[in-house]
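Participant: Dumping the structure here so I can ask a few things about it.
The values are calculated or read from the model by the stated rules, or taken from the named source; none is laboratory data. Keep in mind it's a predicted model, so treat the numbers as computed, not measured. Every residue, glycine as well, gets a Cβ built from its backbone with ideal geometry; the counts of neighbours run over all protein chains shown.
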Amino acid sequence: MRLIGLGVLIIVLVPVLVIIDSYRIVRDVRPLAREAPDRTAIMQARLADRRTPRPLRHRYVRLAAISPHLIHSVIVHEDATFFEHHGFDEFEIRAALRRSLEERQLGRGASTITTQLARTLYLGTQRSILRKLREIPLTVRLEGALSKQRILELYLNLAEWGPGVFGAQAASLHHFGISARDLDPAQAALLAAALPSPRRSTPARPSAYLRRRARIILTRMEARGWLPPGEAHAYRQELTTGVPAAVGAEIDDEMGPEPEGEVETEEELDHEFELDKATEPESAGGAHADSVLGPPDVGHPSEVDTTADAHLDDGAGVDVEPPPAPTPAPTPEPTDEPGAPPDPP
């Protein structure tokens, strides 16, 4: 009976303590609806690492100033049911628990855009069960205080996209030399594919693995009706051959399907993708592409470049039109690799 009583006490007490702890971390998340923070826990952690280029590159722009292709790429890659759930994806949680039990170790996965925002804002780079527990009340509070569009805007503007590079605008300038509003589908898919390992991935000079992930992202966008089939095919070919897509031109059927020798099944890629996330060193410096902004400036560790481009409205807190709601496909999603299983609902 004492053991049962102790178990009940733990079950009741732990959630209460975690909720109290979340208020110790941040008392009120509602100001995020109107303003964005200049610093996040991830930024602070990177500044503590001397290998991080300085000043940090950070550009805040409105959601409306970010290419819809990047918005859609991030959703299908990071959180396919973002507009349906309330912070937690039950299907992914069950799948993550099943993998953890099968592998007999605490795995990664089941994160949503909201939980990743909570981690970025408040929890930093630590990896532990305590951090996972802390994510829960913080995620609930963010979902209750912010609209989905605002959560998406904050995430896209604060996510890490390379050593010392934060936000979609800085990432677009750093990797491709263009504004976030001008990203094409292939560039957007490469940026989204780099999110799980931002300091080990170089979208401007993508590895074969990153290109394969980007092709799958384009296929998922096509399946949701966010990309016309002709464009999706053209940009997949661009990622395969390196030849810029001639969108709008007649597609040469003689090109045939994408080479089978290079393309793995989506199941194999997803497994490799999870292993990649699980083994990513939290403080790895890593090489990165030459920045179109010139070599990183060496400045004071606390210096962060947050200047917005003159032609873009940084408009934190401004209401914007939401991206098109996902349309359920009547049949399983197609994939550009033969024999690959469809995504789970």
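Participant: Would you confirm whether or not region 122-134 contains a residue that is out of contact with any strand residue (DSSP E or B) (no Cβ under 6 Å at 6 or more places or on another chain) and within 15 Å of A33 (Cβ to Cβ)?
Facilitator: No.
Participant: If A186 passes every condition in (1) in contact (Cβ under 8 Å) with a residue 60 or more places away in the chain; (2) surrounded by 24 or more Cβ atoms within 10 Å (Cβ to Cβ); (3) farther than 30 Å from D28 by Cβ; (4) not polar (S, T, N, Q) but one, which one does it miss?
Facilitator: (1)
Participant: For region 87-124, how many residues meet the condition of being farther than 29 Å from R150 by Cα and either modelled with pLDDT of 70 or more or loosely packed, with under 15 Cβ neighbours inside 10 Å (or both)?
Facilitator: 8
Participant: Another question about this same structure. At least 1 residues that are charged (D, E, K, R) and more than 30 Å from A170 (Cα to Cα) in each: list the helices (runs of 4 or more DSSP H) lying fully within region 1-103 that qualify.
Facilitator: 2-25, 90-103
Participant: Surrounded by 12 or more Cβ atoms within 10 Å (Cβ to Cβ) and within 24 Å of R181 (Cα to Cα), is that true of R62?
Facilitator: yes
Participant: Among what's in region 1-56 and is of a type in the set (D, E) and either closer than 29 Å to W161 by Cβ or exposed (fewer than 10 other Cβ atoms within 10 Å of the Cβ) (or both), pick the residue that is farthest from the chain's Cα centre (by Cα).
Facilitator: D28
Participant: Restricting to region 140-164, and then to whatever is within 24 Å of I66 (Cβ to Cβ) and in contact with a His (Cβ under 9 Å, 6 or more places away or on another chain), can you tell me which residue is surrounded by the most Cβ atoms within 10 Å (Cβ to Cβ)?
Facilitator: G164
Participant: Let me ask you something else. Would you mention how many residues in region 60-86 are at pLDDT 95 or above and either charged (D, E, K, R) or closer than 19 Å to L133 by Cα (or both)?
Facilitator: Of the residues in that region, 1 qualify.
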